[in-house]
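Following: one structure in structure tokens, then a few remarks.
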Amino acid sequence: MTDPISNSKPGPNHALKFAPQPGIYLLSHSVGRPPASAREAVAQKFFQPWESGRVDVWDDWINAVGEFTSAVARLLNTSARQLCPQVNLSSALTKVLFSLPNNPARKTVLLTDNDFPSMGFVLDKARPAGYGLNFIGEAEDASDIDTWQKHLSDDVGLVFITHVHSNSSCQVPVAEITRLARARGIITVVDIAQSAGIIPIDLQQWQADFVIGSCVKWLCGGPGAGFLWLSEDMLATAEPIDVGWFSHEQPFEFDIHNFKFSESALRFWGGTPSVMPYVQGANSINMLADYGIDRIRRHNVELSQLIMDAAGKQHLESPLDPACRGGTVVVRYSEPRQERLAAALQSADVRFDGRAAGIRLSPHIYNSRTEVECVAGIIEGLK
């Protein structure tokens, strides 16, 4: 049986309009602003089939989720059959971790101190199965392939790679790392939560085994619409233990004595899925893809430079080179100047946040040059 959500067509073209948001919104690294069309999309694809009284409402809903996997496939230049909807990255990584064959000689997981903590929490749960964690230190340069080469020892069985680190906006050379890992027989998992939607990604150019991502940030799709991608090699070998009727080759067979893994990535889907988040996610992904991620990236780089010029390179925690940076600019001054900057931004109704590394500012396609010039003026005013 062909998986029901693998053959859906991408959504229609969308006007590039977003829901109103007060102030100057520079929090896309946290939660992206939803498209203005989000409510209508959810009403049409989720509520309308349900309210129609149709007994086969699951057909409509599965097709709607199929539009999501097709949208992600379009975004990442891959096949929808290699994608499975997930609730979030932590759940996706858990499923990946416990789907791998046991290799007693390779019981080390490599990650970095700068990965998102939730990912470390998941990977730590592999310790009872005999795994150990090896961290690339916070002071080491994760953008340097030599750093990774030094840590990819013979006992490493899995390497977790964050494409863009959330606290520094450091962009890691994924293709170089995965190529090196593959040559050494090491499985790779890539986290694109902070890059999908702001940096063009072509999975055909990477040699990753797994990729996990989410729509909540730059893809502007809200929480709950995550995804998991598997390489063809992993499709042939990975068998998750967290399964359910939607992991089945024929979900509606309803024979408790017969289970057969889906031939596609949907084997990682599990039990009864949510639907509404994927409707919203498909809507936003298609809108942004219609406009062009490359155009969005150029706009981001241009506006980011205004912030960087205002702050001065000595006060930047994020990389200067766009090829080494995500979509976020991280500004850090010593106290009390840092506190004064935060207060000034708040007074101007600028939406931002801060981490230990500094204040995070993330211009997206819905930000105008005038808005970011205003922010740059505030920064310059504190010099």
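Structure notes:
- Of the criteria (1) at positive phi; (2) open to solvent by 10 Å² or more (accessible area, probe 1.4 Å), which one Gly197 fails: (2)
- Entry remark, the stretch 324-383: residues being among the hydrophobic types (A, V, I, L, M, F, W, C), under 20 Å from the mean Cα position of the chain (by Cα) and not in a strand (DSSP E or B) number 3 in total.
- Every pair of residues 6+ apart whose Cβ atoms lie under 6 Å, when the first sits in the stretch 244-257 and is open to solvent by 70 Å² or more (accessible area, probe 1.4 Å) while the second is not small (Gly, Ala, Ser): Trp245/Pro251; Gln250/Met1
- Evaluation of Ala73 against the conditions (1) touching a Leu at 6+ places or on another chain (Cβ under 7 Å); (2) surrounded by fewer than 18 Cβ atoms within 10 Å (Cβ to Cβ) shows that the sole unmet condition is (2).
- With respect to the conditions (1) touching a helix residue (DSSP H, G or I) at 6+ places or on another chain (Cβ under 6 Å); (2) assigned to a helix (DSSP H, G or I), Asn63 lacks only one, and its number is (1).
- For the stretch 214-234, a residue qualifies if it is part of a strand (DSSP E or B), farther than 14 Å from Thr78 by Cβ and open to solvent by less than 10 Å² (accessible area, probe 1.4 Å), and exactly one does: Gly226.
Here is a yes/no grid of residues against (1) touching a residue at least 24 places away in the same chain (Cβ under 8 Å); (2) under 28 Å from His163 (Cα atoms); (3) touching a helix residue (DSSP H, G or I) at 6+ places or on another chain (Cβ under 7 Å):
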residue	(1), (2), (3)
Arg298	no, yes, no
Ile307	yes, yes, yes
Ala323	yes, yes, no
Gly327	yes, yes, yes
Arg340	yes, no, no
Asp353	yes, yes, no
Ala356	yes, yes, no
Ser368	no, yes, no
Ala376	yes, yes, yes
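- The set of residues in the stretch 149-166 that are open to solvent by 50 Å² or more (accessible area, probe 1.4 Å) and either outside any loop (DSSP other than H, G, I, E, B) or on the phi > 0 side of the Ramachandran plot (or both) comprises Gln149, Lys150.
- Filter result (outside any helix (DSSP H, G or I) and open to solvent by less than 70 Å² (accessible area, probe 1.4 Å)) within the stretch 310-323: Gly312, Leu316, Ser318, Pro319
- Filter result (touching a residue at least 12 places away in the same chain (Cβ under 8 Å), of a type in the set (S, T, N, Q) and not in a loop (DSSP other than H, G, I, E, B)) within the stretch 100-148: Thr108, Thr112, Ser118, Asn134
- Selection of the stretch 339-383 for residues being open to solvent by 60 Å² or more (accessible area, probe 1.4 Å) and β-branched (Val, Ile, Thr) yields only Thr370.
Okay, residues lined up against (1) open to solvent by less than 20 Å² (accessible area, probe 1.4 Å); (2) within 17 Å of the chain's Cα centre (by Cα):
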{"residue": "Asn77", "(1), (2)": "no, yes"}
{"residue": "Pro104", "(1), (2)": "no, no"}
{"residue": "Asp115", "(1), (2)": "yes, yes"}
{"residue": "Phe121", "(1), (2)": "no, no"}
{"residue": "Pro128", "(1), (2)": "no, no"}
{"residue": "Glu138", "(1), (2)": "no, no"}
{"residue": "Ser143", "(1), (2)": "no, no"}
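- Output for the stretch 79-99, where each listed residue is more than 16 Å from the chain's Cα centre (by Cα) and open to solvent by 30 Å² or more (accessible area, probe 1.4 Å): Ser79, Arg81, Phe98
- Among the residues of the stretch 17-47, those identified as touching a helix residue (DSSP H, G or I) at 6+ places or on another chain (Cβ under 8 Å) and either without any contact (Cβ under 8 Å) to a residue 40 or more places away in the chain or open to solvent by less than 30 Å² (accessible area, probe 1.4 Å) (or both) are Ala19, Ile24, Leu26, Gly32, Pro35, Ala38, Ala41, Val42, Phe46.
The values are calculated or read from the model by the stated rules, or taken from the named source; none is laboratory data. Because the structure is a prediction, the values reported are computed rather than measured. So basically every Cβ, Gly included, is an ideal-geometry build from the backbone, and we count neighbours across all protein chains shown. Just so you know, the surface numbers come from the protein's heavy atoms only, side chains and all, with ligands and any DNA or RNA stripped out. Shrake-Rupley method; radii C 1.70, N 1.55, O 1.52, S 1.80 Å.
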